[in-house]
Amino acid sequence: MKRRDFLKASLVASAAAVGTSLSAGATGQPIDNRKVAKLAFPEKKPLITYSDRPPLLETPREAFAHAITPNDEFFVRWHMPEIPTFIDVETYRIKINGLVENELSISLAELKRDYEQVEVTSVLQCGGNSRSAFQPVAGGIQWGSGAMGCAKWKGVRLKDLLNRAGIKKGAHWIGFNGSETAAYYETPNFVREMQLDELDDYVIVAYEMNGEDLPYLNGFPVRLVIPGHYSDSWVKMLSNITVTKDYEKLFFMDVAYRVPDNSCECETPEEKYKTTKPITTMNVKSVIGYPTNNTVVAHNSHVVVRGVAFDDGHGIRDVLISTDGGKSWKTAILKDADRYAFREFRFAYKPTTYGKVTIMAKAINRLGAEQPFAHEVKWNHGGYKYNGIDSVTIEVI
Ligand SMILES: Nc1nc2c(c(=O)[nH]1)N[C@H]1C(S)=C(S)[C@@H](COP(=O)(O)O)O[C@H]1N2
Ligand SMILES: [Mo]
């Protein structure tokens, strides 16, 4: 296929099912009662839809009963309303410039032919995932827990591309540009930066997701994959990689995706902390995929609680389950997983009471870091890095 024209499946047709007049997570848990939209975007199943311009789509909780999130259920987040809907795969180029010996302009065919092809299975999570749990309301999209997913990514090491270009002495920063442009001139283009020494072999320029071309809305034809890091810098429709000496002041680096620069990374709604730092690596988290809120199960039946847990690559040591409000915890069974991937857990539960039962999941990583209770999660203005113990309330009949 030479061209991919995504306009054919009209984006405009997919009306937003969920407005923006959303209440705060009154329980201190992420909002979890939203329905998927009636209409679907191209290459996607109907998802929880916050906006269709730019597309903001959340994955329903049920998907997290499995370690891999299917492409057509994978969440979508864009900052700019104008995304190119036509991409010519013959003429598309990834440019590498700035402080390099040889500027490169790499076609997709060259990317797949001239460099070592590598794969990494990694979680992609927005720093604002689960934001709706914050009270009082923190600024931004009021995501439930589905602004995340895990996929097997295939592409080329960013390091290999930069080595081919040859980094000049004195270079410290790399900037990444997406292909979309801002609709209004005041809005900056989507550009992110990273320090050269943050770069490891896992950072790839990916063109495949779960064995297929990247879905258009997830960044076709190429995107950056930065395992262990929140996804704000996983630039989609990657068009430009620029090597620089100094850090450039950019809107998306200096304003968004930052937390207070203190040890608790917290502040109060009344008083903003004076300095901030970027959100970078992910904290330990788990999400239950089955059962979900309001699932009805039979008394004395065998319920298999399933879900996923992850951190920034240190690895999940344990997932503990409680059915008594966190008083006692039992160990779930963990499946093997790559270090940056979702680790699937399951737990056999036999309900011996009637009525409502709350099931909680708490992940602990190899460093001993664990999820706090939802009410213990520290507040920040941006509503970033929520990782409270997950819970679902079911009914036993
Ligand atoms: N080009 C481009 N890349 C981008 C963004 C964007 O707005 N434009 N948003 C970032 C943010 S904040 C997130 S959470 C992820 C979302 O990736 P997804 O849409 O594939 O789920 O893309 C990142 N990369
Ligand atoms: Mo994000």
Environment charge of Arg157, counting only residues whose C-beta is closer than 10 Å and scoring Lys/Arg +1, Asp/Glu -1: -3
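Between Asp160 and Ser51, what is the FRET efficiency for a Förster distance of 30 Å, r being their Cβ-Cβ separation, to the nearest 0.05? Write down the numbers at each step before the final one.
Working: r = 37 Å, r/R0 = 1.22.
Here the calculated transfer efficiency is 0.25.
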Cα convex hull volume per residue for the chain (Å³): 147
P(r), alpha carbons of region 93-278 - 10 Å bins starting at zero, rounded %: 9, 33, 35, 18, 5, 0
Residues Glu62 and Glu110, FRET efficiency given R0 of 25 Å [Cβ-Cβ distance, rounded to 0.05]: 0.05
For region 101-116, Karplus couplings with θ = phi - 60° (6.51, -1.76, 1.60), whole Hz, Gly/Pro x: 5, 10, 5, 10, 9, 9, 7, 5, 5, 5, 4, 7, 9, 9, 10, 5
Cα-centre dipole for region 208-286 with unit charges at Cβ (Lys and Arg positive, Asp and Glu negative), debye to 20: 120
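For region 111-174, what class follows from the C-alpha gyration tensor (a ≥ b ≥ c being the square roots of its eigenvalues): rounded when a/c is under 1.5, otherwise prolate if a/b is larger than b/c, else oblate? Provide the component values of the computation, followed by the final result.
Working: a/c = 5.41, a/b = 1.94, b/c = 2.79.
Oblate is the answer for region 111-174, as a/c is 1.5 or above yet b/c matches or exceeds a/b.
I'd like the carbon and sulfur percentage of the solvent accessible area for region 29-86, probe radius 1.4 Å, heavy atoms only, ligands and nucleic acids excluded. Let's see the in-between values first.
Values: 1310 of 2340 Å².
With neighbouring chains kept in place, the figure for region 29-86 is 56 percent.
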Mean projection area, nm², convex hull over Cα of region 269-397: 9.0
Where no second cysteine Cβ lies under 4.7 Å, the cysteines concerned in the chain: Cys126, Cys150
For Asp52, distant residues with modelled amide H under 5 Å away: Ala16
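Kindly report the accessible area of the chain per residue (heavy atoms of protein chains, probe 1.4 Å, no ligands, DNA or RNA), in Å². Spell out each step's value before the answer.
Details: 17490 Å² over 397 residues.
With all protein chains present, the chain gives 44 Å² per residue.
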Charge dipole (the chain, unit charges on Cβ, about Cα centre) - positive-most of Gly155, Val36, Asn218: Val36
Karplus-derived HN-Hα couplings along region 243-248 (A = 6.51, B = -1.76, C = 1.60, θ = phi - 60°), whole Hz, x at Gly and Pro: 9, 9, 7, 10, 6, 8
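For region 197-292, what class follows from the C-alpha gyration tensor (a ≥ b ≥ c being the square roots of its eigenvalues): rounded when a/c is under 1.5, otherwise prolate if a/b is larger than b/c, else oblate?
Values: a/c = 2.20, a/b = 1.26, b/c = 1.74.
Verdict is oblate for region 197-292.
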Amide proton proximity set for Tyr273, modelled H, under 5 Å, gap of 5+: Thr268
Label-point separation in nm, Lys168 to Ala348, each point 7 Å along Cα→Cβ: 6.5
Heavy atoms of Val118: accessible area, 1.4 Å probe, square angstrom to 10: 20
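For the chain, give the magnitude of the charge dipole about the Cα centre (Cβ charges: +1 Lys/Arg, -1 Asp/Glu; no others), in debye to the nearest 20.
Working: 48 positive and 48 negative charges, 136 e Å.
That gives a dipole near 660 debye.
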Cα gyration tensor category, rounded, prolate or oblate, for region 72-142 with a/c compared to 1.5: prolate
Ranked order, Glu101, Glu248 - accessible area, probe 1.4 Å, largest first: Glu101, Glu248
Hits among lysines - C-alpha to C-alpha of Lys112 under 26 Å, sequence gap 8 or more where chains match: Lys2, Lys44, Lys95, Lys152, Lys154, Lys159, Lys168, Lys236
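The values are calculated or read from the model by the stated rules, or taken from the named source; none is laboratory data. Computed from a prediction, not measured in an experiment: that's the story for all the values here. A quick note on method: Cβ atoms are made from the backbone with ideal geometry, for glycine too, and the neighbour counts reach across all protein chains shown. SASA here: full protein model, heavy atoms, side chains in, ligands and nucleic acids out. Shrake-Rupley method; radii C 1.70, N 1.55, O 1.52, S 1.80 Å.
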